[in-house]
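Notes follow once the structure below has been shown.
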Amino acid sequence: MHRAREHTATQTRERRQRLAHEAARLMAEGGIQDFHQARRKVAIRLGIHDEASLPRNVEIEQALREHQRLFAGTRQADALRTLRMAAVPALEFLQPFAPRLVGPVLEGTADAHSPVHLHLHEDDADAVPRFLEEHGIPAQPRSRRLRWDRTRVIDVPVWGFSADGVSFELLVLPYDALRQAPLSPVDDRPMQRASLAQLRQLLAEAAAP
């Protein structure tokens, strides 16, 4: 019976790895940005409904990094640098809202299809769209659900626009979020985030021989 349990556990682990790599391939090659969507597509395609066989977000992200290293190489690195460079003037422009770079562009898994995600911090919900309008930037409103902490989920306004071929998504958070970032959808830890100075340092380190 012990061997049977081990065999079952091994099969489940192998299925999770297979699904993780297939979901990562969809994200890398199909332009899918959402872990849940990629996982769901793969599960439906392979007819797998066992929850234990479905990979966690952190497993998919690990498989995505491996896929990009093996198959994208320089192309993905160039796209990542382009997006990070595009984030610099955006962070400069949005300084009144204490902006922070977050998401795949900061974490290193972004590709040419990825938008630049920025967290803005402002208690006045109308301040950001008013600022964009005053500067002649047409932005589309939507919302996104974030895990504020382990017990609370909040809906935050998002303003999306494009500049020089790069898509930007501005998530407007309460000013208090500067003290503690919302939880990452990947590992349930506070999101990584970078200020303008930290992004410039990251770019300098990446360019160093």
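The values are calculated or read from the model by the stated rules, or taken from the named source; none is laboratory data. Worth saying up front: this structure is predicted, and the values here are computed from it rather than measured. Note that each Cβ is placed from the backbone with ideal geometry, even for glycine, and that neighbours are counted across all protein chains shown. We work out accessible area using only protein heavy atoms, side chains counted, and drop any ligands, DNA or RNA first. Shrake-Rupley method; radii C 1.70, N 1.55, O 1.52, S 1.80 Å.
If you add up the charges near Leu202, with Lys and Arg at +1 and Asp and Glu at -1, over every other residue whose beta carbon is less than 14 angstrom from its beta carbon, what do you get? Spell out each step's value before the answer.
Working: positive: Arg81, Arg84, Arg100, Arg193, Arg200; negative: Glu107, Glu205.
Net charge around Leu202: +3.
Could you give the accessible area per residue of the chain, probe 1.4 Å, as a whole number in Å²?
With the other protein chains kept in place, the chain gives 58 Å² per residue.
What size of dipole, in debye to the nearest 20, comes out for the chain about its Cα centre when the only charges are +1 on Lys and Arg C-beta atoms and -1 on Asp and Glu C-beta atoms?
On the way: 29 positive and 28 negative charges, 201 e Å.
For the chain, the charge dipole is close to 960 debye.
Which length gain, in nm to one decimal place, applies between Phe93 and Thr74 when the Cα-Cα distance is subtracted from 0.36 nm times their residue separation?
Answer, rounded to one decimal: 3.9 nm.
For Asp78, what charge total do you get from the other residues with a beta carbon under 12 Å from its beta carbon, if Lys and Arg give +1 and Asp and Glu give -1?
Net charge in that neighbourhood comes out at +2.
Counting only protein heavy atoms and using a 1.4 Å probe, what share of the accessible area of segment 130-182 belongs to carbon plus sulfur, as a whole percent?
That fraction is 47 percent.
With the chain treated as a Gaussian network of Cα nodes joined by springs under 10 Å, which of Ile137, Ile154, Ile44 yields the largest mean-square fluctuation?
Ile44
As a test, work out the antiparallel percent of DSSP beta bridges whose residues both lie in the chain, rounded to the nearest 5.
75 percent
Along segment 149-154, what does the Karplus equation 6.51 cos²θ - 1.76 cosθ + 1.60 (θ = phi - 60°) give for ³J(HN,Hα), rounded to whole Hz, x for Gly and Pro?
Each residue of segment 149-154 in turn: 7, 6, 10, 10, 10, 10 Hz.
How large is ³J(HN,Hα) for each residue in segment 86-99, as worked out from phi by the Karplus curve 6.51 cos²θ - 1.76 cosθ + 1.60 (θ = phi - 60°), to whole Hz, x for Gly and Pro?
After applying 6.51 cos²θ - 1.76 cosθ + 1.60, I find 5, 6, 4, x, 5, 5, 4, 5, 9, 3, x, 10, 6, x Hz.
Go through Leu171, Pro185, Leu101 and say which Cα lies farthest out towards the positive end of the charge dipole of segment 52-209; charges sit on Cβ, +1 for Lys and Arg, -1 for Asp and Glu.
Projecting each Cα onto the dipole axis, the largest value belongs to Pro185.
Output ³J(HN,Hα) for segment 57-65: one whole-Hz value per residue in order, computed from phi by the Karplus curve 6.51 cos²θ - 1.76 cosθ + 1.60 with θ = phi - 60°, and x for Gly and Pro.
4, 5, 6, 5, 4, 4, 5, 5, 4
Going by alpha carbons, how many degrees (0 to 90, nearest 10) lie between the helix axis of 196-207 and the longest principal axis of the chain?
Between helix and principal axis, roughly 60 degrees.
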